[in-house]
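The structure appears below as structure tokens.
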Amino acid sequence: MRITFRLIISLAVVVASVALGSSFIQVRLERAKQQEELERRSRLLAESLQETIEPLLAKGTSKQLTRLVERFGNRERLAGAAVFDAEGKALAITASLSGLVPTAPKLAEEALKQGKDASRFDRVGGHRLHLYVLPLSVESRTAGTLVLFHEAAYIDELLSAIWRRTFGRVLVQVILIALVTLLVVRWSLVGPIAQMAEWMKLLRAGEAPNSAGIPRGDIFAPIAKEVTTFAKHLSVAKTAAEEEARLRQASESLWTPDRLKEHVRAKLQGKPLVIISNREPYMHRYKGREAQVIVPAGGVVTALDPLMRACGGLWIAHGAGDADWDNVDGHSRVRVPPEDPRYTLRRVALTKEEEEGYYYGFANEGLWPLCHIAHVRPEFRPEDWAHYQRANQKFADAALEELQGIDSPCLLVQDYHFALLPRMIKEKRPDARIVLFWHIPWPNPEAFGICPWQRELLYGMLGADLVGFHTQYHCNNFLETVDRTLECRIDRERFSVIKEGHLTSVKPFPISVSFPEPAAKAPDTDKERAAILKGLRVKAEFLGVGVERIDYTKGLLERFRAIERFLDKYPRYKGRFTFVQIGAPSRTHIKRYHDFLAEVEAEGERINWKFKANDWRPIVFLSEHHDHDEIAPYYRTAELCMVTSLSDGMNLVGKEFIAAREDLGGALILSQFAGASRELRDALIVNPYDIDRMADAILYALEMGTDERKARMQRLRETVRENNVYRWAGTLITELTQIRFEDLPAGTLA
Ligand code: F6P
């Protein structure tokens, strides 16, 4: 505003100065012109009177002189006339002046002295008059003067009028200049500058303003050009910075196969990663005379195969397939995956008795129900225990053989099949860094206490440097169990156990899936759904899916009963909702599993019979092995997925379902007793023992609004993507390699 004011003042001063200057000159010229004109007229009049007055003067007839003077004294703008003798005495004078000019004015004296006419403005009786004096002579002798008095006030008025006009004009011009300046400044400067400021503000705020918003007038053309270029550079720099931050953030937060590979290489200093599990990731089986490769169902394989594919290394597992031993080299090794070998599978052979006692007996009839607390009585038989010990030793021997020549190797021992193995390895290879990851729950000390060999199991486990569980709750239970069972020192601050001078850390590491990036071409889910329904020979508007090993811990009966209750409670879904249960038969040599499979089948049939219809069934039970590619279309097209475990370490089915839902569709119903429920807060969390509430959860999942469904799935996907299996492995390995063997607190038991 101050600039506008200055501009207006400057312009006004210039305009006023020019106007006043020109008026001043005009006034001077006008004054001179009027004066000249007055003199000319006075001279003409005086000369015309001279011819008449001089004879009268010669005659000395003052009366006639007076009449003459009176007559001419009334002329326009002539204030009067007077005739004086040479001594200045008035001979005749206009009556109105007689009192005011008693003697000849000084000018008359001067004119007489110089002998020529003279003129000047003078004050007479308070009036400004123009005096013109003409010397008179009689017979060539100076006889007096004729003085003409003209009014001069009209000249002043004329000049004042000129000044008045000038001032008026200047005032109008200044007002106009002020207005025009204000408008011009507003339209051409303030407006565009404010517009540009707003534009830059938006740019600064990162709102990507439209470049059409930049003023482009004449004077702004160069600035607009520079600002546009600057904005472009800023935008590029901002995008680059954002991208860099995103990448930095992503690389910090997102674990990828490549990142894990590098991480493992750095942490293990080039040494191979060695995994030991009972279940092998690839199993050769005969179908007729042809050997087929299948990927067994189960969380360990689902989780660990992607990371072994990424990092390479060695996986030691039981060769349980009937064609396995026809597909290994002389060292019981085979490169896998068969279609694109990335790592080595070392198979361990077990006799039928060993498998019976160790795997079916002690591990799955003893430890499995012991840890899951799923109302199945654990069986602990001494002969199974003996096989368990022998089998553990067999795997330990195989591992020790493979570890020869590797300095400070890193071993990832998986699950409840190998509680004794860490100690067996550690005794032979104290330099080995060993993790024992327990994939199933750990019960409270009282529950675990019924195992006759609890001390041996715990002692064996504490040979590991790190014992991992999926949840903190299971870590707490484990530490409590150790505390109650063994003589050792518990360091609750560092969550570790010190036994015989060896420290074992106990930590939660929630396992996950690989969460693959979206496929370049999204699958046609409508087609997939149509194919599924056609294959199942059912007509249904809504699909639900469940994928499990057939295991009594998975809550399959409760799930089926919830579906029955749902249809009873909400009959409008009869003929419209079908639940597909994919179930891989598992551990069927165990009577409880064998019976359970039959129970599940019977329950499914009972419910289907109850709701019998021509081309619709509420439950489709597919009790056979399905590989991942066969399961994926169900995940992608189902409206809901049910995970209703009565007890579960983690459960990866829910996470696989989430990873498959690139479309943000589908809802997950998840048991509160699965470890996954700690992380997957946007699932519909249920108590599988509460059938009625589960039925309501099915309704909620089907009738949930699209926005809520998408928002929940979006958050679930972020959680699983962020906490993928590569992060699990990365943090596990970091933790393992950070353990310092010499780092024991003072006073530790030796
Ligand atoms: O999740 C527990 C677990 O024992 C895993 O170790 C394994 O992946 C899965 O169950 C399958 O069990 P099995 O190997 O006995 O078929």
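The values are calculated or read from the model by the stated rules, or taken from the named source; none is laboratory data. Being a predicted model, the structure only gives us computed values, none of them experimental. Here the Cβ positions follow ideal geometry from the backbone for every residue, glycine too, while neighbour counts run over all protein chains shown. We work out accessible area using only protein heavy atoms, side chains counted, and drop any ligands, DNA or RNA first. Shrake-Rupley method; radii C 1.70, N 1.55, O 1.52, S 1.80 Å.
Here are a few things to note about the model shown:
- Apportionment of accessible area to carbon and sulfur, the chain, percent (1.4 Å): 53 percent
- The 1.4 Å probe gives accessible areas that order Y634, Y593, largest first, as Y634, Y593.
- Calculated translational diffusion coefficient of the chain (10 °C, 1.306 mPa s; Stokes-Einstein with Kirkwood radius over alpha-carbon pairs) equals 45 µm²/s.
- Ordering R347, R381, R165, R429 by accessible surface, largest first, gives R165, R381, R429, R347; the 1.4 Å probe counts only protein heavy atoms, with every chain in place.
- In the stretch 597-676, trypsin sites (Lys or Arg not before Pro) in a DSSP loop with at most 11 other beta-carbon atoms within 10 Å: K612
- Counting only residues at least eight positions apart within a chain, or on another chain, the lysines with an alpha carbon under 21 Å from that of K267 are K426, K507.
- Heavy-atom accessible surface of the stretch 301-381, averaged per residue, reaches 38 Å², computed with a 1.4 Å probe.
- Filtered trypsin sites (Lys or Arg not before Pro), the stretch 671-708: DSSP coil and at most 14 other beta carbons within 10 Å: R681
- Out-of-range pairs (alpha-carbon distance over 24 Å; input K569/K612; K63/K89; K534/K655): K534/K655
- Going by accessible surface with a 1.4 Å probe and the largest first, K574, K527 read K527, K574.
- Annotation: amide H-H contacts under 5 Å for V138 (H modelled 1.01 Å from N, sequence separation of 5 or more, or interchain): A143.
- Which of H625, M704, P585, positive extreme of dipole for the stretch 525-723 (C-beta unit charges): M704
- Overall shape: oblate for the stretch 581-670, with the ratio a/c of the largest to smallest alpha carbon gyration tensor axis at 1.5 or above and b/c at least equal to a/b.
- The stretch 525-723: C-alpha gyration tensor shape, a/c 1.5 cut-off, then a/b vs b/c: rounded
- Rolling a 1.4 Å probe over the protein heavy atoms leaves T52 with an accessible area of roughly 60 Å².
- Average accessible surface area per residue within the stretch 101-185, 1.4 Å rolling probe, Å²: 54 Å²
- Between helix 556-569 and the chain: long-axis angle, C-alpha atoms, 0 to 90°, nearest 10: 60 degrees
- Scattering profile of the stretch 50-151 at q = 0.10, 0.13, 0.18 Å⁻¹ [log10 I(q)/I(0), Debye over alpha-carbon scatterers]: -0.22, -0.38, -0.75
- Using alpha-carbon coordinates, inclination of helix 153-184 to the longest axis of the chain, degrees: 10 degrees
- By the rule of a C-alpha distance below 29 Å, with chain neighbours fewer than 8 residues away ignored, the lysines paired with K201 are K225, K232, K238.
- The residues of the stretch 525-723 expose on average 41 square angstrom of accessible surface per residue, using a 1.4 Å probe on protein heavy atoms.
- Fraction of beta bridges assigned by DSSP in the chain that are antiparallel (%, nearest 5): 50 percent
- Loop GluC sites (Glu not before Pro), the stretch 448-549, which have at most 15 other Cβ atoms in a 10 Å radius of their Cβ (DSSP): E487, E493, E500, E541
- Using a probe of 1.4 Å on the protein chains alone, the accessible area found for L350 is around 30 Å².
- Anisotropy class of the stretch 525-643 from Cα gyration tensor, a/c 1.5 cut: oblate
- Antiparallel bridges, percent of DSSP beta bridges restricted to the stretch 266-508 (to nearest 5): 40 percent
- Efficiency of FRET from Cβ geometry, I739 and D340, R₀ 41 Å, rounded to 0.05: 0.75
- Translational diffusion of the stretch 266-508, estimated by Stokes-Einstein from the Kirkwood radius over alpha carbon pairs at 4 °C in a medium of 1.567 mPa s, is 70 µm² per second.
- Between 0 and 90°, nearest 10: helix 257-268 axis offset from the chain longest Cα axis: 70 degrees
- Calculated mean residue ellipticity, 222 nm, the chain: -15500 deg cm²/dmol, from DSSP H runs (n ≥ 4) at -39500 (n - 2.57) each, averaged per residue and rounded to 500.
- A 1.4 Å probe, protein heavy atoms only, puts the accessible area of E157 near 130 Å².
- Chain lengthening between E37 and A531 when straightened (0.36 nm per residue, less Cα-Cα): 165.9 nm
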